[in-house]
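> The structure that follows is given in the form of structure tokens.
A short reminder: the numbers here are calculations on the coordinates, not readings from a lab. None of these values were measured; they are calculated from a predicted model. Note that each Cβ is placed from the backbone with ideal geometry, even for glycine, and that neighbours are counted across all protein chains shown.
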Amino acid sequence: MLLEVKNLDAAYGDVKVLWDINFQVQEKSIVAIVGSNGAGKTTLLRVISGIMSPKNGDIVYNSKSIGKLSSSEIVNMGIVHVPEGRRLFSDMTVEENLIMGSYHLKDKNTIKKNLEFVYDLFPRLAERKKQKAGSMSGGEQQMAAIGRGLMASPKIFLIDEMSLGLAPSIVDNLVDIVTEINERGTTVLLVEQDVQLALEHSHYCYVLDTGKIVMEGKSEKLLNNPKIKEIYLGL
């Protein structure tokens, strides 16, 4: 397993948000974590990426404990987080935002290759590379956020609410890109409120409800699960 979360609790001050979370992410897979708004999905990614510290439990990456490491140390190990809401620098150009994603890389050739790779995946970003990021559409900003993450040469890519607020056609394009990234060897941990989208485009899935994992299984099986259909798909 590339990533293992073990008996993880998390809290904001005295307010506990996650309880005894256990899950695994197999190398070169797409694993989804789904659940309704407020289930704790974003908090879980924040803990994995080092933005928050776990209250209890541990996170193991490549057989090494990372639960007490800083976010910069975790990025250096290849765990890259694309946060909800894009979080771009709106007054900087698209290319400047992309380059920010490679801040920890020292090899200029690697940075150049990564930039070429991002522009190959997202031709629209290449067309708008001198444009201020804040002037782009929501879909284009999401492309830039994913591209910025790819600039860091991720081994595991944490993507939070990729589809939120975007038109279906844009979401379809982004899903194709994430699939391609995975097929090229990058492991993906996808957090999504759109349960159907997540199940249709992942290999394995965990269902998070009020801070606890309440169900798990192969995505294709969960897609046909009567409880999932009733609670999350409205069928």
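> Yes or no: Asp107 farther than 24 Å from Glu192 by Cα and either charged (D, E, K, R) or within 18 Å of the chain's Cα centre (by Cα) (or both)?
When the stated conditions are applied, Asp107 passes them.
> Something else: How many of the residues in the range 148-169 are assigned to a helix (DSSP H, G or I) and crowded, with 18+ Cβ neighbours inside 10 Å?
Total satisfying the criteria: 3.
> Identify all residues within the range 74-93 that are in contact with an Asp or Glu (Cβ under 9 Å, 6 or more places away or on another chain) and assigned to a strand (DSSP E or B); write none if there are none.
Scanning the range 74-93 gives His81, Val82.
> If Val207 passes every condition in (1) in contact with a strand residue (DSSP E or B) (Cβ under 6 Å, 6 or more places away or on another chain); (2) exposed (fewer than 14 other Cβ atoms within 10 Å of the Cβ) but one, which one does it miss?
Every condition holds for Val207 apart from (2).
> Then there's this: Looking at the range 51-67, I want the residues that are under 20 Å from Trp19 (Cβ atoms) and touching a residue at least 12 places away in the same chain (Cβ under 8 Å) and have a partner that is basic (Lys, Arg) and in a strand (DSSP E or B) with Cβ atoms under 7 Å, at least 6 apart or on another chain. Which pairs are those?
Listed pairs, sorted by first residue: Gly57/Lys6; Asp58/Lys6; Val60/Lys6.
> Shifting gears a bit: Let me confirm something: among Ala152, Ala145, which residue is under 12 Å from the mean Cα position of the chain (by Cα), touching a residue at least 12 places away in the same chain (Cβ under 8 Å) and over 25 Å from Lys218 (Cβ atoms)?
Only one candidate passes the filter, namely Ala145.
> While we're looking at this one, here's another question. Test each condition in (1) under 18 Å from the mean Cα position of the chain (by Cα); (2) surrounded by 13 or more Cβ atoms within 10 Å (Cβ to Cβ) for Glu95 and report the one that comes out false.
Status for Glu95: all satisfied but (1).
> Taking the range 64-92, which residues are touching a helix residue (DSSP H, G or I) at 6+ places or on another chain (Cβ under 7 Å) and farther than 15 Å from Arg46 by Cα?
Of everything in the range 64-92, those that are touching a helix residue (DSSP H, G or I) at 6+ places or on another chain (Cβ under 7 Å) and farther than 15 Å from Arg46 by Cα turn out to be Leu88, Phe89, Ser90, Asp91, Met92.
> Can you tell me which of Val191, Val175 is of a type in the set (A, V, I, L, M) and in contact with a His (Cβ under 6 Å, 6 or more places away or on another chain)?
Val175
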